[in-house]
1. Which whole-number percentage describes the relative contact order of segment 12-296, with Cα contacts under 8 Å and a sequence gap of 6 or more?
2. Of the listed peptides 64-71, 180-187, what is their order by residue-averaged count of other C-beta atoms within 10 Å, with the highest listed first?
3. Using the Cβ atoms and a cut-off under 14 Å, what net charge is assigned to the surroundings of ILE291, where Lys and Arg are +1 and Asp and Glu are -1?
4. Beyond 29 Å between alpha-carbons counts as too far, so tell me which of LYS224/LYS296; LYS52/LYS224; LYS224/LYS298 fall in that bin.
5. When ranked by the protection proxy of mean other Cβ atoms within 10 Å per residue, highest first, what sequence do the peptides 107-120, 208-221 form?
Amino acid sequence: MSSIEMNNSSLPSFILMGFFETGATNTWMAFPLFTLYFLSILGNSLILIIIKTYSHLGDPMYIFLSMLATADLGTTLSTLPSMMSVLLFGFRNINFYACLTQMFIIHSLSSTGSAILVAMAFDRYIAICNPLRYASILQPLIAKIGLAALTRGLCIHFPIPFLLKRLPYCDNHKLYHAFCFHPDVMKLACADTTINSTYGLVLVLCTFLVDSICILCSYLMILKTVLSIASKEECLRAFSTCVSHICAVLVFYIPLIGLTVAHRYAQKASPLLPVLMGLAYLGIPPAVNPIIYSMKTKQIRNALHKHLFLEVIRKSNVQHAAVVEHIYARS
């Protein structure tokens, strides 16, 4: 095959380097990453089980949280196989179409998660600024918002695999991530990638930038409403209901900004920089979000304690179980 290009009749397989160009099996990274993935799968699964099990967690806030947990779980499961195969077993080759499929899932779920964070910001705005109509406003919109978030994620990223498939690729097929990213694959093309680069930039501006502005506007209106509250205690209570969401937004957008900057403006920096930022972007939010909401949301925390410990206590001592039930009922 020519060292200059490959046509679409002989599409390349890519090589997932993981973390180092030497191709060594990075077993030293496997344990912390496996821990991160384990926390993500366990935490988001527990969030979904708890919200499904306990009927008092049926408010729109918790339904949006279950949507976010689903998106995070999908992101984790889409990157875990290739990550572990690279780090533990040194299986680095990935088929061209498998790479495009993984890329499409990762980017679509990322966009969907961002839209859900916007919905959660809107939820907090209604809960604080119009609490008497909270349920009546949001309840009819929940399914529509979730469907709109998913549809947007799928539709806007649908052209990306086709834009990549039309390109010829050089002999260098090394991807420096352990999974497929659009900017990473695009750099391997032996042709003009202006269309791909422009479309990628438009996606970032039309999704993540717009979403972050919407979230910021929601919190500016929340701040205006909260500052008009006379009671300091009520003001602090209103702010406390937003802490979990603010933390989730920061955990999502800070690595995203770092990854975007690393890919577009840090060509002279170490190749390890975008790899680490990609890992932080895809790995940290799914693992940290369940911890944030478990620690900062009393209802989730109590339901989690009850779900994990009540059955054990009930089997060992019925009388103690009744006491625990009474405590949880009062809390």
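1. Numbers: 321 pairs, mean separation 80.6, N = 285.
So the answer I get is 28 percent.
2. Values: 64-71: 24.1, 180-187: 21.1.
In decreasing order of mean packing, 64-71, 180-187 become 64-71, 180-187.
3. On the way: positive: LYS296, ARG301; negative: ASP72.
Local net charge: +1.
4. On the way: LYS224/LYS296 23 Å; LYS52/LYS224 34 Å; LYS224/LYS298 25 Å.
Beyond 29 Å: LYS52/LYS224.
5. Details: 107-120: 24.0, 208-221: 16.2.
Result, highest mean first: 107-120, 208-221.
Every number here is computed from the coordinates shown, using simple stated rules; none is lab data. Since we're looking at a predicted model, the values are computed, not measured. Note: ideal-geometry Cβ built from the backbone for every residue, glycine included; neighbour counts use all protein chains shown.
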